[in-house]
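Data first, discussion second: the structure below is written as structure tokens.
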Amino acid sequence: MSDLLEFTVIFKKEIFPMQLPAATTVLELKQSLESLSGVLSANQKLMAKGLLKDETTLSEANIKTGSKVMLIGSSQSDIDKMLAAKPVSNTQLSSKPVAATPRGGIHTISSLSSDAPPFSEIRELKGWPQSDKARQILQKLSVDPSIVAVMKKHNWRVGVLSELTPLEVEKLGFNMNKGAEISLRLRFEDGFRNYESIKNVLYHELAHMEVSPHNDEFKALNSLIKRECESIGSGRTLSDKSYYQAPTEEEEAMNAEEVDNGGEGYRLGGEGSSSSSSSSSSS
């Protein structure tokens, strides 16, 4: 049949061959994947050059014969195993309330405070240990004075700042549809990640607000964002021309380990491309 599509769905290290009519909805595809992946349809995210919406058909989502679709989600058995594991450590997380105002000496944020917040929503993983701590980290990032200042300077807005499931073991973050959602890995199985390390991944994902591929333009923007944020953190004001420097050798090495993962994303480096990197990246 001419409208029968043959494509693959990539989930972690598994590849599922699919053969479905072009009129199949994304929700129906998710339901077909439940028995294959063990992930409930409500917990699935499907990406192929962006997030696929439940109500669209495969044809409308531009899925064709030969397409690759990436599935992100956690099976109930994986969730149960994580919940049964020992409690995660919170030694790296401050117990102090998150301050929504900039530290002394920073005067560039107040003039921007009347604008809409740079992050419309924060979303931690529900049902995971210490989800309140995860939300606290996301909240801290969303009001971090240096991040807020740089996002407003570049006129960037993000719909959802979310927690990436720890079960996606090779990924540290992704930017979906240039800011519709930025998802960050906040923890490993035995504890939360260091705040500054999470923040560095956020710099990377913010660079994808303007540049998709990991090319020289991306590396320059990523470096600029980091230096702008560091300059705010040190109490200096932002300038359009004062803080860019060429990436350091350490930053170059870090960039060399980054690959696309279905959205524009950042993964644990050094192992070569995972199966997800073969799927189409977001435009």
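The values are calculated or read from the model by the stated rules, or taken from the named source; none is laboratory data. A quick note: this is a predicted structure, and the numbers were derived from the prediction, not measured. In this analysis, Cβ positions are derived from the backbone assuming ideal geometry, glycine residues included, and neighbour counts consider all displayed protein chains. These accessible areas exclude ligands, DNA and RNA; they are computed on the full protein's heavy atoms, side chains included. Shrake-Rupley method; radii C 1.70, N 1.55, O 1.52, S 1.80 Å.
Loop-located GluC sites (Glu not before Pro) in the range 174-220 (DSSP state not H, G, I, E or B) with no more than 12 neighbouring Cβ atoms inside 10 Å: 189. 3J(HN,Hα) couplings calculated from phi for the range 187-202 with the Karplus curve 6.51 cos²θ - 1.76 cosθ + 1.60 (θ = phi - 60°) are, in sequence order, 8, 9, 5, 10, x, 6, 6, 4, 4, 5, 5, 4, 4, 4, 5, 4 Hz; Gly and Pro show x. Among 16-22, 122-128, the peptide with the highest mean count of other Cβ atoms within 10 Å heads the list, and the full ranking is 122-128, 16-22.
Within the accessible area of the range 136-218, the carbon and sulfur atoms contribute 45%, probe 1.4 Å, all protein chains present. If the viscosity is 1.567 mPa s and the temperature 4 °C, what translational diffusion coefficient in µm²/s does Stokes-Einstein give for the range 23-62 when Rh comes from Kirkwood over Cα pairs? My calculation gives 128 µm²/s for D. For the range 129-237, the per residue solvent-accessible surface stands at 32 Å², with DNA, RNA and ligands left out and a 1.4 Å probe.
For the range 142-189, relative contact order (Cα pairs under 8 Å, six or more residues apart, normalised by length) works out to 36 percent. Charge dipole of the range 129-227 (Cα centre as origin; +1 on each Lys and Arg Cβ, -1 on each Asp and Glu Cβ, all else neutral): 380 debye, rounded to the nearest 20. Charge tally for residue 135 (other residues, Cβ to Cβ under 12 Å; Lys, Arg +1; Asp, Glu -1): 0.
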